[in-house]
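Here's the structure, in structure tokens; my notes come after.
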Amino acid sequence: MPSGQGLVPSDGHARPRDACGVVGVLATAPARAADTGVAARAYQGLAALQHRGDQSAGIAAGAAGRRTGRVAGPGPVREALARADVDALRGDVAVGHVRYATAGGLGTANIQPIERQVGGVWFALAHNGNLVAAPQPADGSDLEPGASDSLTVATLLAEALAGGASSFEQALCDLLPKLTGAYSFVLTDGRSLYGLRDPKGLRPLCLGRGGDAWVFASETPALMEMDADFVREVEPGELVVADASGIRSVRPFPPESVEHRLCLFEFVYFSRPDGDLYDRSVYLTRWRAGAALAVHAPLPLDETRPEREVLVLPLPDSAIPAAEGYAARSGLPYGEPLVRNREHGRSFLAAAQGERERRAASKFRLIPELVRGKRLVVVDDSLVRGTTTRAVTAQLRAAGAAEVHLRIASPPWRWPCPLGIDVGSHGELAAATSTLSAIRDELGVDSLNYLPLDQLLDAVGAPAGQFCTGCLTGDYPVRVPTVPGQRPDDVLVPAPAGCVSRTVAHRTANHRSIRKEPQR
Ligand SMILES: O=P(O)(O)OC[C@H]1O[C@H](OP(=O)(O)OP(=O)(O)O)[C@H](O)[C@@H]1O
Ligand SMILES: NC(=O)CC[C@H](N)C(=O)O
Ligand code: SF4
Ligand SMILES: [Mg+2]
């Protein structure tokens, strides 16, 4: 692949998917001497990151600069990794990965961690993100059609080592400035553990310490599962190197290319609610977004039937904090009549639309008594293709809901994401191809509204310039490839203004807040 050319999925649909999860563990003395099972700790971390991808999982381990073994397979962590095999995996250092493919197929070669042996140097690599451009490997012989972007990186590193790079770290530092896109990597050469973020910090990565080990993980809750305390986030453009003697920080990128532009949807949807990002509780940012939404888009008052009961409900799981915030701020009753079927993974993460629809249709069990005859305020964190809301609205109507008012705790998705999320074309996006009233009618809801971007950013509380908002604004922090014939301006509809509702009512059903609002 020539330099500058987009790394698109091998199925030819330019359809990036979701964020993967990465972990790493390096035991320092005396844990090293006691051989306390770095792989088992990596397993715990991967299980805590299952929501970031369930297509495959893997752990690779090493010691004294050599490979000690690898366990990997298709499916979620508990299917992919037999616990006995993981416990048998010895070593001083391990890296782990849960995958949701953004580039390349689901074949065995793309399961991570990816390993290479070049002369006396072994390394293993785990990648979260999606590259939009990378150099062309001189000898891409191991890159079959359908190879992932992560495989390309492994091949480039192997070539640099074969070409005489003085060390693995040197090969890495030489390559990194030539990569464009989103990447948080955790790597090992069997001696050191490396954690790095791209110069924009698009994907998260944090550093922890505990149990005589240095630990990296995509999200803070995974650190806890690996018996480590949060130390700090890896900085955008920073390579943290951990070895038996401690950690050090390397800056391989030109300083002018480095800035904080974390994916805003890590706050909205991807990350676990019990974690922190930018030193802020993900849960509380979602709660505040829901509270702001209650003020921005209240439930219209039904003056003809004021006796009708009202219920604010979330689409579990991700929207629960936002729905709680909406109910608290509006003073309306809150309930959870939709019970998540735990056997179903996140529907958004399915690789194909048919599978997404199947997951969405069977994702929730509904308690009909809780919705029958009521006016419902249904809160979701995001509306991308509308797969989830379409299925749920039908369920709620069938159970006898009187009205369904949909409230989305983030702005409309109107541009694709080539930086690691499963939306590759404008045609897939409800808000890129339809007017708000057309979306409302297509979903079968009585009213629809979104939270404006400035209010979402207020809810997060970090400076607006510190995020990627490309899918909402078309403004990406790196140059991204365009899909021919699908330029955003060709299909954009006017930005929504106010609530799109069938029922014309100017008063609202909000009451004074009766719940205590949580403080940070
Ligand atoms: O409009 P759509 O294309 O359906 O995408 C948006 C939906 O997908 C996600 O839910 P998902 O089930 O993936 O995860 P969750 O359980 O964390 O909410 C997200 O929380 C929205 O509910
Ligand atoms: N979701 C991800 O971060 C995926 C990593 C990598 N691009 C792959 O497809 O394997
Ligand atoms: S385009 Fe959207 S989903 Fe993609 S990285 Fe940027 S904010 Fe995240
Ligand atoms: Mg959801």
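Some points to look at:
- In this structure, Arg414 qualifies as within 13 Å of ligand 3 (Cβ to nearest atom) and either surrounded by 21 or more Cβ atoms within 10 Å (Cβ to Cβ) or in the same structural domain as Pro337 (by TED's automatic domain parsing) (or both).
- The lone exception for Gly62 - which of (1) surrounded by 19 or more Cβ atoms within 10 Å (Cβ to Cβ); (2) at pLDDT 95 or above; (3) closer than 18 Å to Pro221 by Cα it fails: (3)
- Only one of Ala459, Ala431 that is modelled with pLDDT under 85, outside any loop (DSSP other than H, G, I, E, B) and in contact with a Leu (Cβ under 9 Å, 6 or more places away or on another chain): Ala431
- Just one of the listed residues (Leu205, Leu196) is in contact (Cβ under 8 Å) with a residue 60 or more places away in the chain and closer than 24 Å to Glu115 by Cα, and it is Leu205.
- In segment 242-267, the residues that are under 21 Å from the mean Cα position of the chain (by Cα), of a type in the set (A, V, I, L, M) and assigned to a strand (DSSP E or B): Leu262
- Screening Arg32, Arg17, Arg41 for residues that are charged (D, E, K, R), at pLDDT below 80 and crowded, with 24+ Cβ neighbours inside 10 Å leaves exactly one candidate, Arg17.
- Of all residues making up segment 441-456, the number that are modelled with pLDDT under 95 and surrounded by 16 or more Cβ atoms within 10 Å (Cβ to Cβ): 1
- Some residue of segment 302-324 being more than 16 Å from ligand 2 (Cβ to nearest atom), in a helix (DSSP H, G or I), polar (S, T, N, Q) and at pLDDT 90 or above: no
- If you go through segment 273-287 and keep only what is of a type in the set (D, E, K, R) and surrounded by fewer than 23 Cβ atoms within 10 Å (Cβ to Cβ), you end up with Asp274, Asp276, Asp279, Arg280.
- Within segment 93-104, the set of residues being modelled with pLDDT under 95 and either β-branched (Val, Ile, Thr) or more than 9 Å from ligand 2 (Cβ to nearest atom) (or both) comprises Thr102 only.
- Pair list, Cβ < 6 Å and 6+ apart or interchain, from segment 74-103 residues that are buried (at least 24 other Cβ atoms within 10 Å of the Cβ) to residues that are of a type in the set (Lys, Arg) and not in a strand (DSSP E or B): Asp92/Arg32; Val98/Arg52; Tyr100/Arg17; Ala101/Arg17; Thr102/Arg17
- For Arg397, the criteria (1) surrounded by fewer than 24 Cβ atoms within 10 Å (Cβ to Cβ); (2) touching a residue at least 40 places away in the same chain (Cβ under 8 Å); (3) within 16 Å of ligand 4 (Cβ to nearest atom); (4) on the phi < 0 side of the Ramachandran plot hold in every case but one, which is (3).
- Residue within segment 433-445 that is basic (Lys, Arg) and within 13 Å of ligand 1 (Cβ to nearest atom) present: no
- Qualifying residue in segment 466-476 (condition: at pLDDT 65 or above, away from ligand 2 (no atom under 16 Å from the Cβ) and exposed (fewer than 14 other Cβ atoms within 10 Å of the Cβ)): yes
- Residue selected from segment 462-473 under the condition part of a helix (DSSP H, G or I) and away from ligand 1 (no atom under 16 Å from the Cβ), by the criterion nearest to Tyr278 (Cα to Cα): Gln466
- Of the residues Phe267, Phe253, the single one that is touching a Pro at 6+ places or on another chain (Cβ under 9 Å) and either within 16 Å of ligand 4 (Cβ to nearest atom) or assigned by TED's automatic domain parsing to the domain that holds Leu205 (or both) is Phe253.
- Within segment 365-386, the set of residues being out of contact with any strand residue (DSSP E or B) (no Cβ under 8 Å at 6 or more places or on another chain) and surrounded by fewer than 17 Cβ atoms within 10 Å (Cβ to Cβ) comprises Pro368, Glu369, Arg372, Gly373.
- Among the residues making up segment 398-428, a single one is assigned to a helix (DSSP H, G or I) and either in contact with a His (Cβ under 6 Å, 6 or more places away or on another chain) or at pLDDT 95 or above (or both): Ala398.
The values are calculated or read from the model by the stated rules, or taken from the named source; none is laboratory data. This one's a predicted model, so the numbers in the text were calculated from it and none came from an experiment. Glycine also receives a Cβ, built like all others from the backbone with ideal geometry; neighbour counts cover every protein chain displayed.
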